[in-house]
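*Asks:* Okay, here's the structure, questions in a sec.
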Amino acid sequence: MKAAAIEAAYRSNIETVDQIKLTRGYYTRNVVAKELASGHLTPSHDHKGNPNAIPLPATFVQDISDLLKERDTTLSLISPYPWPNRAGRTMDSFQTTAWDAFQRDPSAIVSREETRDGKRLLRIAVPDRMTEAACVSCHNNSPESPKRDWKLDDVRAVMEVTKVIEPYLAAAEQRSRMIVLAITAATTVVILILFGVAALFARHEREKRDTDQHVHYLAHHDSMTGTLNRGSFLASLTGAMSRLQSRSRVAVHYIDLDRFKEINDQLGHGVGDELLRAVAKRLKRLLGPEDIISRLGGDEFAVAQTNLQDPGEVGVMADRITRALAKPFQLSHHSVIVSGSVGSAGATVSHATGDELLEDADIALYRAKHAGRACYVVFAPEMRDAMLTRRQLEAHIRDAVAREKFEVYFQPLVRRSGRLDGFEALLRLRDDRGEFISPSVFVPMVEDMGAIDSLGAWVIRNACAAAATWPAHLKISVNLSPVQFRSPNSIAAIVADAIAASGLGAGRLELEITEGLLLEAIDDVIEQLFELKNAGAAIVMDDFGTGYSSLGYLWRLPFDKIKVDKSFVPEEEASQQSVTPVLQTIIGLGRTLNMEVTVEGIETEAQAEFFRDLNCDYLQGYLFGRPMPRGDAAIVILRDLLDEMAESIGSGAVATADETTCLDQVAG
């Protein structure tokens, strides 16, 4: 910017010189030349005091210089020649340098910056050449001329213009500052924009990185508890197993919370979620630095010990987990008590992946839950064979449910007099070899599968259809599972439909419920029992005397009979005396509540006689017949009818038409 200012001043000085030269040339040609020709006026350097004199061209230049001083510009005309009117003037170094330059190049221009009295100046020197013939003639003829051989274009002096360039520089500096300020502002704006863009880009990248990390976290962790999910847990477990050293071991503990569903249903899912987080936090406290934990799903967790040195540590950790989960959990608004069943398994050379080890722990967990819960079981190889057998049995049961391969057998039920009163319908299932599978084995499995509802309805329909072909005085008894009372399908509607479809008379269908159902005898269960009663069925309490809550509900519920459990049947006569008071109490209770009493498990005539003496209403057991197919049940009915007819004939009575019709129907 300074160079531009100096350049502007330089051009200004040059223009000043050129204008002076033009003015002087005009003055020389049009004033001095005419005056010389006419002789009227005399050119003089001292023209101001002489009315007949006009200024010489050089003096004219000096006068102009005086005028230019008002504009901070000085005009000088300096010559090394000894002109009389310039005798006291000497050239300084700048002018001397310029004169020397003009001798080499008459058209040269010399400039220099200087500071004088605190002001910055620009000096411009141009050659003062002889450009007019009149001027050459005047100089050659003047007696004061320092020489007589002047020619056109000779340099006779140094014409210098000195200009104060402070305003130029100040304006230039101001413009420079403005430009610098503008550039700085623009640069600042650009930098701010760049910083903003960079910040936005960095924020975007950070958010993208955070999102990627969150997605990666979610892909490998359970969002609720922060533990590993199943896939990542198995991958980590498999990796730990692949790094097993000769003396180190890996163990997995498969954990299932007991009563979690009950807590979730009663207190809400929010409390259930909080409990899961609390469980995960408590389990983490038990871990070593190299152990890992996972929520496998629902209320199931898994803990892996990855650097065991002693096989006995497996049981120690399982016990610690069981004890830790047994302590109460203090949640935000509730104090919750749960327990945990734990299945544990240690890795051996036979395990190739974490899935296999987790499967062994799952097998051990199944054993723990069926052992009473709130305990742990360590896996043993024979458990796998048992689980394989169970799974095969489950597949067989599913196929039997789907294809109705079950059979209904009938066990006789007799009155105290010995006459046949009816049958109990019992469900039977054969295995692939044709041998019967115990109901105590397959019924719980059917319940676990969620198939007891449809299977129970099938049994009721078949039992009612069979009983409809029997004599009208014979009853059919069917056992109900407590699970059927929790089904969304109304058990009362199923019973009513079966009775209506078979045409079975009212009261001929007896429904036996276990005493365990009364442990959950909430209002809904009580309501369903009354609905069954209204549907035309009689209600029997089965296994009476084995529970703890029956007396509390017995008088409130619509029972028609109580069935004394076979555990009260004395095996020997010696034990009859000790059990008699209990049985008398039970029978007396039934009489008081207007209920009939049945005793099951009678196997000997002595046992039958014992209960007849106690005035029991009905007897059941192998003594009177084992469970049998429908065809064999028809034979038992026919035999009973024949015996009754024989007794009637022996007493002189004649068989009624109804009895004859029933006999023909059963025989047919």
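Just so it is clear, none of the values below were taken in a lab; they were calculated from the coordinates. Nothing here was measured: the structure is a model prediction, and the numbers come from that model. Positions of Cβ are backbone-derived with ideal geometry, glycine not excepted, and every protein chain shown enters the neighbour counts.
*Asks:* So which of LYS533/LYS566; LYS261/LYS369; LYS284/LYS327; LYS475/LYS563; LYS281/LYS369 end up more than 18 Å apart, counting from Cα to Cα? List each step's numbers first, then the result.
*Replies:* Values: LYS533/LYS566 26 Å; LYS261/LYS369 15 Å; LYS284/LYS327 15 Å; LYS475/LYS563 15 Å; LYS281/LYS369 23 Å.
Correct reply: LYS533/LYS566; LYS281/LYS369.
*Asks:* How many angstrom lie between the Cα centre of segment 386-406 and the Cα centre of segment 470-496?
*Replies:* 24 Å
*Asks:* Here is a follow-up. What full-extension length gain, to one decimal in nm, is calculated for LEU287 and SER142 as 0.36 nm per residue of separation minus the Cα-Cα distance?
*Replies:* Numbers: separation 145, 0.36 × 145 = 52.20 nm, distance 12.38 nm.
So the chain would gain 39.8 nm between LEU287 and SER142.
*Asks:* What FRET efficiency comes out for the pair SER232/PHE195, r = Cβ-Cβ distance, R0 = 41 Å, nearest 0.05?
*Replies:* Numbers: r = 40 Å, r/R0 = 0.98.
Taking R0 as 41 Å, the efficiency between SER232 and PHE195 is 0.55.
*Asks:* How much length, in nm to one decimal, is gained on full extension between ASP643 and GLU605, taken as 0.36 nm per residue of separation minus their Cα-Cα distance?
*Replies:* Numbers: separation 38, 0.36 × 38 = 13.68 nm, distance 1.88 nm.
Gain on stretching ASP643 to GLU605: 11.8 nm.
*Asks:* Would you order GLU435, GLU510 from fewest to most other beta-carbon atoms within 10 Å of each residue's own beta-carbon? List each step's numbers first, then the result.
*Replies:* Values: GLU435 7, GLU510 23.
With the sparsest Cβ surroundings first, the list reads GLU435, GLU510.
*Asks:* Hey, for a label at GLN584 modelled as a point 7 Å past Cα toward Cβ, could you say which residues of segment 599-616 have their backbone N under 17 Å away?
*Replies:* Zone members listed by number: 610-616.
*Asks:* Work out the P(r) tail for segment 230-379: percent of alpha carbon pairs separated by more than 22 Å, whole number. Working shown, then result.
*Replies:* Values: 4042 of 11175 pairs.
When every Cα pair of segment 230-379 is considered, 36 percent fall beyond 22 Å.
*Asks:* Using a 7 Å offset from Cα along Cα-Cβ at ASP560, what residues in segment 457-475 end up with backbone N under 13 Å from the label point?
*Replies:* 473-475
*Asks:* Right, something else. Which residues does the label zone of TYR217 cover in segment 247-280, counting backbone N under 19 Å from a point 7 Å along Cα→Cβ?
*Replies:* 274, 277-278, 280
*Asks:* If R₀ is 30 angstrom, what is the calculated FRET efficiency for the pair ARG259 and GLN309, using the beta carbon separation as r and rounding to 0.05? Please report the intermediate quantities before stating the final value.
*Replies:* Values: r = 35 Å, r/R0 = 1.18.
With R0 = 30 Å, the Cβ-Cβ based efficiency is 0.25.
*Asks:* Could you give the length gained by full extension between ARG433 and SER417, i.e. 0.36 nm per residue of separation minus their alpha carbon distance, to one decimal place?
*Replies:* Values: separation 16, 0.36 × 16 = 5.76 nm, distance 4.04 nm.
Gain on stretching ARG433 to SER417: 1.7 nm.
*Asks:* Next up: Can you pull the one-decimal nm distance between simple spin-label points at ARG243 and ARG384, each 7 Å off the Cα toward Cβ?
*Replies:* 2.6 nm
*Asks:* Here is a further query. Rounded to the nearest 0.05, what FRET efficiency do ALA202 and LEU331 have when you use their Cβ-Cβ distance and R0 = 60 Å?
*Replies:* Working: r = 41 Å, r/R0 = 0.69.
Result of the calculation: an efficiency of 0.90.
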